[in-house]
Each structure stands twice: as C-alpha cells, then as structure tokens.
1. Tell me whether the stretch A:165-177 contains one or more residues that are open to solvent by 50 Å² or more (accessible area, probe 1.4 Å), more than 10 Å from chain B (Cβ to nearest Cβ) and free of Cβ contacts under 8 Å to residues at least 40 places away in the same chain.
2. Quick check: is even one residue across the stretch B:112-127 open to solvent by 10 Å² or more (accessible area, probe 1.4 Å), at the interface with chain A (Cβ under 10 Å from one of its Cβ atoms) and closer than 21 Å to residue B:171 by Cα?
3. Could you please let me know if residue B:189 is modelled with pLDDT of 95 or more, on the phi < 0 side of the Ramachandran plot and open to solvent by less than 20 Å² (accessible area, probe 1.4 Å)?
4. Taking residue B:63 as meeting all but one of (1) closer than 16 Å to residue A:156 by Cβ; (2) touching a Pro at 6+ places or on another chain (Cβ under 9 Å); (3) open to solvent by less than 10 Å² (accessible area, probe 1.4 Å), write down the number of the exception.
5. Only one of A:22, A:52, A:47 is open to solvent by less than 10 Å² (accessible area, probe 1.4 Å), at pLDDT 95 or above and small (Gly, Ala, Ser). Can you tell me which?
6. Can you report the number of residues in the stretch A:213-227 which are open to solvent by less than 30 Å² (accessible area, probe 1.4 Å) and either modelled with pLDDT under 95 or in contact with a strand residue (DSSP E or B) (Cβ under 6 Å, 6 or more places away or on another chain) (or both)?
7. Scan the stretch A:188-213 residue by residue and report those that are more than 14 Å from chain B (Cβ to nearest Cβ) and assigned to a helix (DSSP H, G or I).
8. Looking at the stretch B:130-145, which of its residues are out of contact with any helix residue (DSSP H, G or I) (no Cβ under 7 Å at 6 or more places or on another chain) and open to solvent by less than 10 Å² (accessible area, probe 1.4 Å)?
Protein chains: 2
Amino acid sequence: MHRTKVRVVEDALDANNTIARANREDFDRHHVSVVNLMSAPGAGKTALLERALAEPLAGVRVGVLEGDVQGSYDADRLAALHVPVTQLNTDPGFGGECHLDANMVRSALAEVPLDELDLLVIENVGNLVCPAEFRVGEDVRAMVCSVTEGEDKPLKYPLMFRACELVVVNKLDLLPHLDFDLDKLLYNLDAVNPGVERMLVSARTGEGVDAWRDWLLAVAQRERAPA
Amino acid sequence: MHRTKVRVVEDALDANNTIARANREDFDRHHVSVVNLMSAPGAGKTALLERALAEPLAGVRVGVLEGDVQGSYDADRLAALHVPVTQLNTDPGFGGECHLDANMVRSALAEVPLDELDLLVIENVGNLVCPAEFRVGEDVRAMVCSVTEGEDKPLKYPLMFRACELVVVNKLDLLPHLDFDLDKLLYNLDAVNPGVERMLVSARTGEGVDAWRDWLLAVAQRERAPA
C-alpha cells in the first residue's frame, strides 16, 4: 500500500518534470529568466513585489504570473503598477490545488507576453508544503519568511527552506514588538540549508528592499544554466 | 480529463468520510468531543493552546493530537504543560502531506488515551487550503487567523473560512504596528461566512483568551450531534 503510494507520487513528479522542461524551453527561447516565489499565506510576497516593481528595474522588463486558489486580489494590486500580470487560479479546472505545478503554469503561458519580458516572477499559492515539491520550469526558487511566523518554521517545513536559493526574511519592522529571536531563526535556517543566501527586509518600511531589487536584477542578467 | 479528475477527488473524499465516521464512532464511544484546529503556518495555534491549557479547564480533561509534516516541536511545547499529547507526522508513511485526513488520524488513535479525555484538540498542519477539505471525525472545526496575514485572507482562502464554526483572530497586540484594517477583515469574513462566530485575541498578552477557554469548555460539554 505504502510502496504503491510512493510509486504513484514518483510517477506524478516525473510527469511534472517533463512538463517543467517544456516550460523551460519556452522561457529559454524567449530569453526570459524565471523566479518561483513561495511563502506561507500573508508573508508578504505581493508586498515585496509591489516594493520592488514600483520603480523601473534598470531596464529589465518584469512580468508576474500570479497563482491563487481563487480571486485576483494580488494581480489587481500589481496591475496598478502597470506591470504585466497574468492570473492563474487553481480552483476552476485544477480542483482548488494548494500549489502550482508545471502543467498549470503551462496552461497559462499562452497568456503571458514572454517576448516582451526579461524576467517572469511566478507568485505561488501561499503554502509552505506542496509548492516546494513541484518544479515549474523556473531558473531559481526563492521564499519569503515573515518574522511573525516564529523561529521554528525551517525545522517544521524543511523541504521548502531547502528548495530555495534565497530566503527573504520579511516584516523586520515588527521585531521590537515580537518575542522573536532572529538569531534563532537564522540558526534553524542554517540547520536545514547551511549558508543559503538570506536577506533581511521590511516591505512596509522599505528596509532591505534595494538588496531584493538587486537580487532580481542579477537573476534577470545571469548566465542561464542548461535546462 | 477534468471530469475524471473530479471523479477521483470525489471518490477520495468519499473514502475519507467513511473513515471519518469510524473515528467519530470511537470518539462517541469514549464520550470525547473533538475540535479540528486549523490555520496558516505561524498563526498561533500552539500558542493559543498553551494559553488555554496552562491552567485546568474547569475539570475538563483535554488532550492534543499534534499534526506536523515532521518534527515534534509543538508537541514538546504542549507536553511541558503536562497535557497528554500525541504526535502525528505526515512525512513517514504519508508522503509529507500538507494536511491531516481521517486515515492519518485513525492511524494515531491507538496512541491517544481516549478513555482519559473529555476533549481532544487536533492541531492540523499549518495550511489554509487542503486541511479544510478533509473531515477527520471532529465535532467542530475552528481556525486561527492572524492579523499579520492581511485582511484579504477570507477572500483568497474561502473554503477554509467557510468550513469553520469559529474564527479566532489572533495577534491583536500587533494592531498598532500594522497597516491593517480589522473592520475590513471582519467584512471579508462575513462575505464568505456570514455571521460566523469570531473571537479577537492575543495569545501573547492573554487578551480574549478567557473567551477562547470558555468556547473550548462549551464544546466539551455540549450535547453531541448524531454522527
């Protein structure tokens, strides 16, 4: 029973990876770098994108693919910045899934103006578990972790913290009002993903947002690894 | 393709409900009331249980079944209060699932001292999507929503907010430090689950925790609906 389940899961992930490679080929053909941005609900993914994209990013043309179970609240916020945003809902047709997978992203690609972009940020569904299991054809995975969530999150959701090349620690402005030990969070982070790049920011005050913009810029400009 | 997927999901939920009924019969036989407690990661489920259970609950014997992908960090916190806690991990044997289902709960029941309890709180995996889809045999579902997560969460995760009989709004002590409109959250809550019972609390300061304790007490003492 257990072995059968493992096999089914492995087959599903194999199928996902095949489609992820097809997405990646499309991104490569259009010379678009892609970030898969993940976090728990309410950690501040959209707020950080609003901050980063409020002013032009050194000539880099950025678009967003906005993943949500339903609604277009985040997409509407970003569209107000005149950023090309495509909404991808997991509710109709995908059973209200708690994550994006390669096939869902593929189904939305016809709506994404790839030939007008240098960088595409895919904002995943707010969830610290399943999004980490599904590659969607991205170059790099990043996550946002808010200090209000507690120091223990890397230990409780290690796959997510291990999957990412960048961990953005957000809501730093709230530190004086929390019983939260930042050193302990970073210690736990190093326990599951030693030395992973991290960034301390506040989307609310703008602290650290320059580094976040620089990181996005570097992703857009870096030599792309072979698919 | 889509219809097949819907059928598979429906069959899985049917199977889940059959096992949930078996769990419920076990709870009934032992006269144990059961709360399924859900939230996003870091909203404060464990902190609220620590607050509620730090002192005896008017003679009600409370136990906790602690659901996590891996680790026993929350269970350890609660065990320090001398509350009987059973750890249920979704990682080994269940593929690292992002939610508890009836079968996982069933697999843990042999470890739960039902004949020594009046109330069992099942702390679900931190996730605003899938936990709402799976009944586990509980009497009542409650969720914790933290004010740091933003006012839009009921609109973005409506199934979760609709599934619950109680919404505990936590981290109220942080309100002065946030750009957060509490009325807007409650308006959005009423938009998806009109009139649902809500409670404004701070696990950190203890504000509102008496009402939370009273609610748990009332669940433990109420006439149980037929399974």
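The values are calculated or read from the model by the stated rules, or taken from the named source; none is laboratory data. The model shown is predicted, which means the values in this text are computed figures rather than measured ones. Reconstructed Cβ throughout: ideal geometry from the backbone, glycine too, with neighbour counts over all protein chains shown. These area figures cover heavy atoms from the full protein model, side chains too; ligands, DNA and RNA do not enter into them. Shrake-Rupley method; radii C 1.70, N 1.55, O 1.52, S 1.80 Å.
1. Yes: one or more hits.
2. Scanning the stretch B:112-127, I find no residue that is open to solvent by 10 Å² or more (accessible area, probe 1.4 Å), at the interface with chain A (Cβ under 10 Å from one of its Cβ atoms) and closer than 21 Å to residue B:171 by Cα, so the answer is no.
3. Details: modelled with pLDDT of 95 or more: yes; on the phi < 0 side of the Ramachandran plot: yes; open to solvent by less than 20 Å² (accessible area, probe 1.4 Å): yes.
So residue B:189 passes the test.
4. Failing condition for residue B:63: (1).
5. Working: A:22 fails: open to solvent by less than 10 Å² (accessible area, probe 1.4 Å); A:47 fails: open to solvent by less than 10 Å² (accessible area, probe 1.4 Å).
Of the residues listed, the single one that is open to solvent by less than 10 Å² (accessible area, probe 1.4 Å), at pLDDT 95 or above and small (Gly, Ala, Ser) is A:52.
6. Going through the stretch A:213-227, the residues open to solvent by less than 30 Å² (accessible area, probe 1.4 Å) turn out to be A:215-216, A:219-220.
Subset that is either modelled with pLDDT under 95 or in contact with a strand residue (DSSP E or B) (Cβ under 6 Å, 6 or more places away or on another chain) (or both): A:219-220.
Result for the stretch A:213-227: 2.
7. Within the stretch A:188-213, A:189, A:190, A:209, A:210, A:211, A:212, A:213 qualify.
8. Residues satisfying the conditions are B:131, B:138, B:142.
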